[in-house]
Amino acid sequence: MIAVRMGSGEGRGEPRENMKKAGRKPADELRPEYKRSDFGVLVRGKYAARVSEASNVVVLEPEVARAFPNDHAVNEVLLQLLRDR
């Protein structure tokens with residue numbers, strides 16, 4: 001699977017605004033019926049390698065993105081390039 005994100009080229013590397021809803025409880029709070037000891041050891045990024053191996057993200061320049069109406073059109077052109085090699 002290939003996911004395509006069309007970037008504007010502007011603002012790359014700048015932090016984005018927080019998209020979380022205001023008024024949410026902090027993520028480290030548990031409901032009273034749960035105990036932290038019930039969950040065992042947590043590992044940050046445990047499945048990150050598996051996800052990155054299973055996905056391909058391509059960022060197209062805006063000019064290139066405008067040339068193709070959808071992902072199918074991009075794939076058609078790329079497959080044709082591979083066949084012509």
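Coordinate-derived values only; no laboratory data. Since we're looking at a predicted model, the values are computed, not measured. Here the Cβ is made from the backbone with ideal geometry for all residues, glycine too, and neighbour counts use every protein chain on show.
Points worth noting:
- Remark: spin-label model distance Ser55-Leu82 equals 2.1 nm, labels positioned 7 Å along the Cα→Cβ axis.
- Scattering from segment 30-85 was approximated by placing one identical point on each alpha carbon and applying the Debye formula without solvent; log10 I(q)/I(0) at 0.13, 0.23, 0.26 1/Å stands at -0.62, -1.02, -1.06.
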